[in-house]
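See below for the structure under consideration.
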Amino acid sequence: MKRRAKLILATAFAVALASGTAFFALPAGAETATFAVQNSWNNGYQGQVTVTNDTSSTLNTWKVELTLPAGTTVGQAWNATMAVSGSTYTFTPAGWNATIAAGSSANFGMIVNGSGRPTSCLVNGKACTGSVVPSSPATSSPAPSSPSASPSVSPSASASQPTGGTPVQVNGNLKVCGTKLCNEHGNVVQLKGMSTHGLQWFPSCYTDSSLDVLANEWNADLFRISMYVQEGGYETNPSGFTAQVNNLVEKATARGMYALIDFHTLTPGDPNYNLDRAKTFFREVSARHASKKNVIYEIANEPNGVSWQQIKNYADQVIPVIRANDPDAVVIVGSRGWSSLGVSEGSSSSEIINNPVSASNVMYAFHYYAASHKDNYRAEVERAAASIPLFVTEFGTVTYTGGGAVDVASSNAWFDLLDRLKIGYANWTYSDAGEGSAAFKPGTCNAGAFSGTGSLTESGTLVRNRIRA
Ligand code: IDC
């Protein structure tokens, strides 16, 4: 399959490394660790720890303990599992990077909120220098660089990916890198695609030919598979819906698209109502797809009427079920107020930034409907994106009801913002439902008339142009 690649990429770490400074020394003869500040901005920075095996034999595992001064916390880590106890942050391998050959290194990253640097560092219970615990390393740490609104990536570093290859061939395994999503080469990647409607209602919209069109004509990177749990969905036939999801993941895989598995909770809004179902479902699908590079897990579509703490409690129980099978998959967690980062319920992203889920390689969902959600929501997304990784796993060009007229101006303002921030998105919906948000006119799916532009609605035309662009 040959197609024009249109992923927007930026070199993340090459830019960030310029400002990095190590401040734990590296003597020989032990495992050691260095801490480097890779980039900093207003009241936060990105840090990287490099664990080096300076012995002559293989190191089978590692544990790094950092202590941070009051007022400074770690918001998120990647390539490591993080546990917090008071001001001490303990990092253990992410699953694939435990073993370090003699003379080799492994590293992991983190987003730190606040400007304080670690005051102590232990690797496998010993000082990171390989000798004594530094008495006051903070005094030798670099001063925070000048405040900047930019997180880990300079958008000016954008570059086009070479042509040829499907999105998955070009990008491979995805990984959260700071506040962005990166491909396996460490470049920031913005995935663009479409969401299904409810699988229980529109199965005829998701066929080999409709997915050929999505991959080859729309040039989509992403296919979101929305499996409702209630409203005649998963709870009525768990094995049947699991099989349907698995089948659609295979179709996306065969076409080189990323597959986003959406556990589409909506009513009731507390995801804990479906906790047992979620564990069963994600245990099965993550076991089935563990060896694939292209599967992303969205564990709760739109929590509502429930606190962030309860959403986090749910996430902290479901994510380990996925990790047990697929340690390095990206997981997306829904946010309060119908995945509005809390805004639709009078809150904000601060509750997440101050109390993130207890896992790495995690992103947070933001949803919008362009005719309903405008400047104040865009401002919150821009603010949150400086601190936490966001993914727009669902958006509409119309009102939050899924119907009404397309708001072209607001839709374009959203597209421009997401492109600038390199935030991926999936549009509601790749279906022929009789509502303004559907990309196809009613009757398209049964007729199999997906190709070309003749069956598109106004929304479908607008969104397809953006995805292809
Ligand atoms: C809507 C569908 C509509 C269906 C309804 C059922 O468009 O046809 O009758 O769900 O619950 C969301 C939800 C998504 C909604 C969509 C539009 O994630 O399930 O789909 N929406 O209302 N959040 C905001 C809007």
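The values are calculated or read from the model by the stated rules, or taken from the named source; none is laboratory data. Just so it is clear, the structure is predicted and the values come from calculations on it, not from any experiment. Here Cβ is always computed from backbone atoms with ideal geometry, including for glycine, and neighbour counts include all displayed protein chains. Side chains included, ligands, DNA and RNA excluded: accessible areas come from the protein's heavy atoms. Shrake-Rupley method; radii C 1.70, N 1.55, O 1.52, S 1.80 Å.
Key figures for this structure:
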quantity: Those residues of region 335-388 which are among the polar types (S, T, N, Q) and open to solvent by less than 20 Å² (accessible area, probe 1.4 Å), in sequence order; calculated: S335, S339, S340, S349, S360, N361
quantity: Failed item in (1) more than 25 Å from F415 (Cβ to Cβ); (2) in a loop (DSSP other than H, G, I, E, B); (3) open to solvent by 10 Å² or more (accessible area, probe 1.4 Å), with S204 passing the rest; calculated: (2)
quantity: Any hit, region 262-284, residues being more than 16 Å from the ligand (Cβ to nearest atom), of a type in the set (V, I, T), closer than 30 Å to Q169 by Cβ and surrounded by fewer than 24 Cβ atoms within 10 Å (Cβ to Cβ); calculated: no
quantity: Per-region count, region 422-463, residues in a helix (DSSP H, G or I) and within 22 Å of Y400 (Cβ to Cβ); calculated: 6
quantity: Subset of region 402-420 (residues that are touching a residue at least 24 places away in the same chain (Cβ under 8 Å) and acidic (D, E)); calculated: D407, D419
quantity: Region 211-224, residues that are surrounded by 24 or more Cβ atoms within 10 Å (Cβ to Cβ) and not aromatic (F, W, Y); calculated: L214, A220, D221, L222, R224
quantity: Residue match in region 317-326 (condition: touching a strand residue (DSSP E or B) at 6+ places or on another chain (Cβ under 6 Å), in a helix (DSSP H, G or I) and surrounded by 20 or more Cβ atoms within 10 Å (Cβ to Cβ)); calculated: yes
quantity: In region 383-400, the residues that are in a loop (DSSP other than H, G, I, E, B) and within 14 Å of the ligand (Cβ to nearest atom); calculated: T397, V398, T399, Y400
quantity: Residue list for region 341-358, filter: in contact with a helix residue (DSSP H, G or I) (Cβ under 7 Å, 6 or more places away or on another chain) and part of a loop (DSSP other than H, G, I, E, B); calculated: L341, G342, S347, S348, S349, N355, V357, S358
quantity: When residues of region 440-460 are limited to those that are without any contact (Cβ under 8 Å) to a residue 40 or more places away in the chain and of a type in the set (G, A, S), the one farthest from the ligand (Cβ to nearest atom); calculated: G454
quantity: Verdict on N304 being open to solvent by 10 Å² or more (accessible area, probe 1.4 Å), within 14 Å of the ligand (Cβ to nearest atom) and more than 14 Å from D326 (Cα to Cα); calculated: yes
quantity: Positions within region 29-45 being open to solvent by 10 Å² or more (accessible area, probe 1.4 Å), assigned to a strand (DSSP E or B) and closer than 19 Å to T61 by Cβ, in sequence order; calculated: E31, T34
quantity: Matching strands (runs of 3 or more DSSP E) fully within region 60-100 where at least 1 residues are modelled with pLDDT of 90 or more and within 22 Å of the chain's Cα centre (by Cα); calculated: 73-78, 80-85, 88-93
quantity: Tabulated pairs, region 425-439, first under 24 Å from M363 (Cβ atoms), second away from the ligand (no atom under 11 Å from the Cβ) and polar (S, T, N, Q), C-beta under 7 angstrom, 6+ apart or interchain; calculated: S437/T397; S437/S459
